[in-house]
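Reviewing the structure listed below.
The values are calculated or read from the model by the stated rules, or taken from the named source; none is laboratory data. The structure presented is a predicted model; accordingly, all values stated were derived computationally and were not measured. Neighbour counts are summed over all protein chains in view; Cβ atoms, including those assigned to glycine, are modelled from backbone coordinates with ideal geometry. To get the accessible areas, we keep the full protein, side chains included, count just its heavy atoms, and leave off ligands, DNA and RNA. Shrake-Rupley method; radii C 1.70, N 1.55, O 1.52, S 1.80 Å.
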Amino acid sequence: MMKSLGLALVLGGALATSALAQDYPVRDIDLVVPFAPGGAVDVTSRLIAEAANGFLDGAEVVVSNRAGGGGVVGQSFVANAEPDGYTLLAMTSSVVTNPQLKGAPYEVADFTPVAAYNLDPEVIAVPADSRFATIEDFINAAREAPLTMTIAGIGTSHHMAGLALTSTAKAQFTYVPAKGFGEQLQAVIGGHADGAFWPMGEAMSHAKSGTVRILAVASDMRDANFPDVPTFEEAGLGIPIWATFRGWAVPAGTPEPVVAFLSELMEKIAKDETYQKKMADGGFDATYRNADDFQKIITSYAEQASVIIKENNLSE
Amino acid sequence: MDQILLGFTQLLQPTVLSMVMLGVLAGLIVGSIPGINDNIAFAVFIPFSFSLPADQALALMVGVYCAAAAGGAIPAIMLKVPGTASALITTIDGNAMARKGQAGRALSIAMTSSVVGGLLSSLVLLVCAPALAEVALRFGYVENAALTILGLSSVVGLLSGNILKGIISAALGLLVATIGYSQVTGFPRYTFGSVNLIEGIPFVPMLVGLFGVAAAFDLLRDIVDERSRGGASASLPVIGSMKLDSGLIRRLLPVWGTSSAIGNFIGVLPGAGMLMAIYLAYDQAGRRFRRRFAGRDDEAAWGEGAPEGIAAPEAANNAVTASSMVPLLSLGIPGNSTSALFIGAMALHGLVPGPLLFAQHGDIAWMIIVAFLVCNIVMWPMAFLVIRVVSRTIFSIPKSVMVGIILLLCVLGAYSDGNNQFNVWVALGAGIVAFAMNLSGIPLGPAILGLVLGAQMEASISNSLAISQGNWLVFVDPVGHPIAAAMMALSAIMWIAPALGALRRRRADRTGSGQPARVSDT
């Protein structure tokens, strides 16, 4: 009796879930990109929206750019939006650190992660003609005297990757913050900096064309494009994974079935071959992590970052 | 050579070619509308470019990019409202010439200079992109710091009249540039807890306000003045003849040469930006003008309608357009904020700029290069067509209506840069500040220069000191950084030469052997 009641409850729950999911979406879904058009987050979001609209009936995912404050303006907008599943945030790692670093008026807990679609591991890149042939050469030199590393900005995950290496591998770095990737690329190719902490997505095409070399990648496995490049762990740097992430998040309080619907939608998109090809052509690795796994990634990053921010007095 | 032909075949497909022409037309119009610039146009266009094939989308963007830099001169001359930031210096001599009844001449000089600058720049892109990319790579932190100091030194050329007010203006610009997240320390400054100020005062809305909104206030004041005098509204300048005589063309040739060279050089350097090029070019042209033509009877004074004052900035800004693609296409390094938007547009079509682009999508890469050449050729006739239509439209609109139209466009333009309400307040606030500066006779030019260069100068100086372990002599090290040392020397000359000149004149005056002392031309 209890068994069948339990079964009925489960079935009923499943039916209710699908009924709710069937009611959603009835109108267009706003995908808020907190940056101006043309950047990596904007481009990937548009590729996703295009693919999503192939799976949706009667509603569309519409990219809306709300730039300003280094992403904080758009992120705050979503944090305060109605939790009904019609406002999505193109969430990046900066959401985790912005409250501490930039005094953003929200907390990570104000968002419910939906799914991650791109994980970008950190790499150490050097000029093609660098004196460092291997990651061992590089780290040994950095232990003796600080190496000049160009980064996207103080307090970014790339800066923190370097700070993490200082604690785990005793490597010393002088950081040269730049505005935008172009400036950093010029500094590395032109030999004005010893190297850079970059996301793999940015470094890849330049490493393939031979203008920069990648010494190590902070991922749990080697990259298929660069089978000879060791992971941080293999190189004995004591950091298993260091990656920036891109995904979808909704305001906290969004109904569970809606989150599940969006998460499944993302899974379908991630399996779409046209989408995979377009992402790969643009230099992005199309991955998929469901809501739970995405939450784990966020929590782990938040813990790592929080320690580094405190140790180095980066907080506002 | 084969590849260049490949680029041409790609470009000369009817659909692609018509996109280039559409882009040029759109660029001229976007450029000539105050409050809307190519950055805003791209932000609106990139989402649509999705539905176009890559070659068509990029051809259209090249057209807009080239032509917007030229179109900005039209309202700058007719209304004293620069249509884009690149035309802000053109307002000085351009509008002065127009008020003397020679609007046609001014427009003609502006357009011809734009085309000449653009063509020279396209040729540079076509012929020596790889070699120039190598030069760009030699620019490190120290060189960039010296370049910003050189750029700021061009303020000397703008300090005609009251030197103190000019310096106040530049200092104001530098101070405002400190607002926001400091690139050096990673801490926010003067943001008063507002997230909207984390990246500093949003730049595009601020420019829209400083030029567009302030100009609307100016027009409003004119209307009020006229009403209180009870007279009829003074009409806008007559267009007059648009023909350039061969004497003037011969006279402007060296200016075009120098300004295009400056534009090409600055364009190739990542991060230097279009505005620095126009300031340096204007400064150079001013020196030449004072040496050769100033003081002649039939000659307008510098800043009051000198042809060189229109030719130099217009040739320089269009010379930046194609050359800014040199580091982008050959290395994947964007030369300025607009060419950075090309990366986004290309990424949407699965193209990544850089050496691999030529290997994998050579047809597209060369098409872009060739498109710059073609754009500048078709721009010349189209520009004259647009001038006729736009200027006639401007004539037919009463001043009072014009105020409303300009304000509306400015608010729209400011908002569409990020779809943020805060930007509208920035534009209106900046407009009020610029109007107040205008009333008190403080020039705007030096402030813009300070705004543009402030953050860049701070970061590059701090980064230079980081790599030199705090040694300030790195900036004047002729062995380690010869380019930087040369630029520092040049900056010093730019400051000292006018002062020495004034001193010599004063001494000559005292001994009584010279002509009556002129007011210092510094």
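Here is how the numbers come out for the structure above:
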{"read-out": "At least 30 Å² of accessible area lost relative to the chain alone, listed for segment B:338-352 with a 1.4 Å probe", "value": "B:GLY344, B:ALA347, B:LEU348, B:GLY350, B:VAL352"}
{"read-out": "Accessible area expressed per residue, segment A:23-99, with surrounding protein chains retained (probe 1.4 Å, Å²)", "value": "30"}
{"read-out": "Fully extended contour minus Cα-Cα distance, from A:ARG131 to A:GLU60, at 0.36 nm per residue", "value": "20.4 nm"}
{"read-out": "Inter-probe distance in nm under a simple model that places probes 7 Å from Cα toward Cβ, at A:GLU264 and A:GLN172", "value": "5.8"}
{"read-out": "Charge dipole magnitude, Cβ of K and R +1, D and E -1 - chain A, Cα centre, debye nearest 20", "value": "280"}
{"read-out": "Within segment B:74-226: Cβ-based charge dipole about Cα centre, in debye rounded to nearest 20 (Lys, Arg +1; Asp, Glu -1)", "value": "180"}
{"read-out": "Prolate/oblate/rounded call for chain A, Cα gyration tensor, a/c under 1.5 rounded", "value": "prolate"}
{"read-out": "Backbone N under 20 Å from the B:VAL479 label point (7 Å along Cα→Cβ), restricted to segment B:143-172", "value": "B:143"}
{"read-out": "Cα-based Rg of segment A:120-217 normalised by 2.2 N^0.38 Å, two decimals", "value": "0.94"}
{"read-out": "Residue (of B:GLY31, B:LEU210, B:GLY180) at the positive-pole extreme of segment B:2-511, dipole from beta-carbon charges", "value": "B:LEU210"}
{"read-out": "Cβ-based charge dipole, chain B, positive-most Cα from B:MET379, B:LEU328, B:MET1", "value": "B:MET379"}
{"read-out": "Protein accessible area in segment B:2-511, 1.4 Å probe - carbon and sulfur %", "value": "67"}
{"read-out": "Span from the segment B:71-97 Cα centroid across to the segment A:188-237 one, whole angstrom", "value": "48"}
{"read-out": "Sites matching GluC sites (Glu not before Pro) across segment A:101-207 that sit in DSSP coil, with at most 16 neighbouring C-beta atoms within 10 Å", "value": "A:GLU107"}
{"read-out": "Share of carbon and sulfur in the accessible heavy-atom surface of chain A [1.4 Å probe, %]", "value": "54"}
{"read-out": "Simple spin-label estimate for B:ILE397 and B:ALA359 in nanometres, 7 Å along Cα-Cβ", "value": "5.1"}
{"read-out": "Accessible area in square angstrom per residue, chain B, 1.4 angstrom probe", "value": "39"}
{"read-out": "R0 of 35 Å, Cβ-Cβ distance B:ILE432-A:ASP23: FRET efficiency to nearest 0.05", "value": "0.10"}
{"read-out": "Relative compactness, segment B:2-511, computed as alpha-carbon Rg over 2.2 N^0.38 Å", "value": "0.95"}
{"read-out": "A versus B: buried accessible surface, summed, Å² (probe 1.4 Å, to nearest 100)", "value": "3600"}
{"read-out": "Rounded FRET efficiency, nearest 0.05, which uses the C-beta distance separating B:LEU503 from B:VAL44 and R0 of 60 Å", "value": "0.65"}
{"read-out": "Given charges at beta-carbon only (K, R positive; D, E negative), |dipole| of chain B in Debye", "value": "1600"}
{"read-out": "Euclidean distance of C-alpha centroids, segment B:453-510 and segment B:162-202, integer Å", "value": "23"}
{"read-out": "Cys with no candidate disulfide partner in the protein assembly as shown (beta-carbon separation under 4.7 Å rule)", "value": "B:CYS128, B:CYS410"}
{"read-out": "Shape category assigned to the protein assembly as shown from the gyration tensor of Cα positions, a/c cut at 1.5", "value": "prolate"}
{"read-out": "Neighbouring partner chain Cβ atoms per residue of A:30-41, average, 10 Å criterion", "value": "4"}
{"read-out": "Gyration tensor verdict on segment A:142-280 (Cα atoms; rounded if a/c is under 1.5, prolate if a/b is larger than b/c, oblate otherwise)", "value": "prolate"}
{"read-out": "Inter-label distance for B:ASN471 and A:GLU256, nm, one decimal - labels placed 7 Å from Cα along Cα-to-Cβ", "value": "6.6"}
{"read-out": "Helix-derived mean residue ellipticity, 222 nm - over the protein assembly as shown, DSSP H n ≥ 4, -39500 (n - 2.57), to 500", "value": "-20000 deg cm²/dmol"}
{"read-out": "Cα centroid separation, segment B:269-299 to segment A:27-88 (Å)", "value": "46"}
{"read-out": "Cross-link reach list, lysines versus A:LYS278, counting only Cα pairs under 19 Å and skipping chain neighbours closer than eight places", "value": "A:LYS208, A:LYS268"}
{"read-out": "Environment charge of A:PRO230, counting only residues whose C-beta is closer than 11 Å and scoring Lys/Arg +1, Asp/Glu -1", "value": "-4"}
{"read-out": "Rounded to 10°, Cα long-axis angle of helix A:291-311 versus longest principal axis of chain A", "value": "40"}
{"read-out": "Other-chain or far-sequence residues with amide H under 5 Å of A:GLU60's (modelled H)", "value": "A:ASP28, A:ILE29"}
{"read-out": "Long-range amide H partners of B:THR191 with built H, under 5 Å", "value": "B:GLY180"}
{"read-out": "Built amide H within the under 5 Å cut-off of A:ASN118, gap 5+", "value": "A:ARG246, A:THR287"}
{"read-out": "Shielding by other protein chains, A:204-215, mean Cβ within 10 Å", "value": "3"}
{"read-out": "Cross-link reach list, lysines versus B:LYS399, counting only Cα pairs under 21 Å and skipping chain neighbours closer than eight places", "value": "B:LYS80, B:LYS100"}
{"read-out": "Neighbouring partner chain Cβ atoms per residue of A:66-79, average, 10 Å criterion", "value": "5"}
{"read-out": "Helical segments meeting 30 Å axial Cα length and Kyte-Doolittle 1.6 threshold in chain B (DSSP H)", "value": "B:103-137, B:362-396"}
